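Report on the following structure.
Values quoted throughout were computed directly from the atomic coordinates according to the rules given, and no laboratory measurement underlies them. Being a predicted model, the structure only gives us computed values, none of them experimental. Cβ sites come from the backbone with ideal geometry, for glycine too, and all protein chains shown count toward neighbours.
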Amino acid sequence: MTKKLKALLLGGCMVLSSGCATGTQESFTFTADLPPNFTYEAVAKYAPIKGETCTVKKPHVGYNQRWHLDYKERYKLDSEIPIYRTAEDCRLVIYRIELEIYGAYGKHRGDFGADSAMVIIREQLEDKYKGTFDGNGESAINGQCQWMFRTVGPKRYIRKLLDCKKVDDQGMVTTGRPVSAYTLDQLPGKTVKLKIKLADEEQPGWGDTWVKVPNGWKRCIGEGPEDQRGYCNGNYKDFSSFKMPDGRDCTIYPGCTE
């Protein structure tokens, strides 16, 4: 487990001590439109303003609390993010927002998946790279997330990975992560929204481990239940049972029973 998954980042300027003071009062709102049981974490990154010779030890700020099941009631959807800050007597400007998208698929503490997205902010950008805002001052970062299922352990418990991709202006899912870019002068008073949809179908985490059947997927037996990899290797007739996140013994995914 990474340090990021262990850390609890609290949102808002109240917990940032004196480092939260801004060089100017310019800010923008970051928010999200997410599927049920999804949340996000945003970490804004800052660097010294052009011409400054100072340095800072911790030029990043957590704005949205890192989500976990028993902390969800404290999760904040909207974050007011300053464009300029002053930390350690150094004037800083935002240059990136690193986003982590979280989704829960079960009730246990570890029943979640995560993937990343990003907002890039520069002083200047070519028009073709710049995000656009509508008449209400809102810009959307469109993406689609898909659950990728697999099994782990000798009892073959279902675990899921989250795979999130950018959706382009034509509504097509691309190969890259959800990313958008803006210039500094675009952002004051505006709203940037991460808009994520969930794919209708789940897919196996990787190939040649499950077989598609009319009403779901069957798990190849491999060399037996102790075989952690469980590749089909040409045997598409013998299958193993597996356990759902809620503990049910099943033979077909996602319906459990045939």
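Along the axis of the charge dipole computed for the range 156-195 (Cβ charges of +1 for Lys and Arg, -1 for Asp and Glu, origin at the Cα centre), the listed residues VAL173, ILE158, PRO188 are led at the positive end by ILE158.
Can you classify the range 87-144 as rounded, prolate or oblate using the Cα gyration tensor, where a ≥ b ≥ c are the square roots of its eigenvalues, rounded means a/c under 1.5, and otherwise it's prolate if a/b beats b/c and oblate if not? Present the calculation step by step, with values, prior to reporting the outcome.
Numbers: a/c = 2.87, a/b = 1.50, b/c = 1.91.
Cα axes put the range 87-144 in the oblate bin.
Under 5 Å between amide hydrogens, built in the peptide plane, is the criterion, and for LYS190 it picks out THR29 among residues at least 5 positions away or on other chains. With unit charges on the beta carbon (Lys/Arg positive, Asp/Glu negative), name the residue among TRP217, GLY207, GLN228 whose Cα is farthest towards the positive pole of the charge dipole of the range 206-250. My answer, from the dipole projection, is TRP217. Backbone geometry of the range 216-226 corresponds, through the Karplus equation with coefficients 6.51, -1.76 and 1.60 at θ = phi - 60°, to 3J(HN,Hα) couplings of x, 10, 10, 8, 4, 7, x, 9, x, x, 6 Hz, x marking Gly and Pro. The slack in the chain from ASP169 to ASN215, taken as 0.36 nm per residue of separation less the alpha-carbon distance, amounts to 13.2 nm.
In terms of its C-alpha gyration tensor, the range 206-250 comes out oblate, because a/c is 1.5 or above while a/b does not outweigh b/c. Summarising the amide proton neighbourhood of ASN142: residues at separation of 5 or more, or on other chains, whose placed amide H is nearer than 5 Å comprise VAL167, LYS195.
The distance from the alpha carbon centre of the range 165-241 to that of the range 88-145 is 20 Å, rounded to a whole number.
Estimate the FRET efficiency between GLU126 and LYS195 by the formula 1/(1 + (r/R0)^6), using the beta-carbon distance for r and 22 Å for R0, to the nearest 0.05. Working from the Cβ atoms, E equals 0.40. Taking +1 at the Cβ of each Lys and Arg and -1 at the Cβ of each Asp and Glu, which of HIS108, TYR95, CYS145 sits farthest along the dipole of the range 84-168 towards its positive end, judged by Cα position relative to the Cα centre? My answer, from the dipole projection, is HIS108. A Förster radius of 51 Å, combined with the Cβ-Cβ distance separating ASP208 from GLU52, puts the computed FRET efficiency at roughly 0.40.
Rounded to the nearest 20 debye, the dipole magnitude of the range 206-250 is 220 debye, with +1 charges on Lys and Arg beta carbons, -1 on Asp and Glu beta carbons, and the Cα centre as origin.
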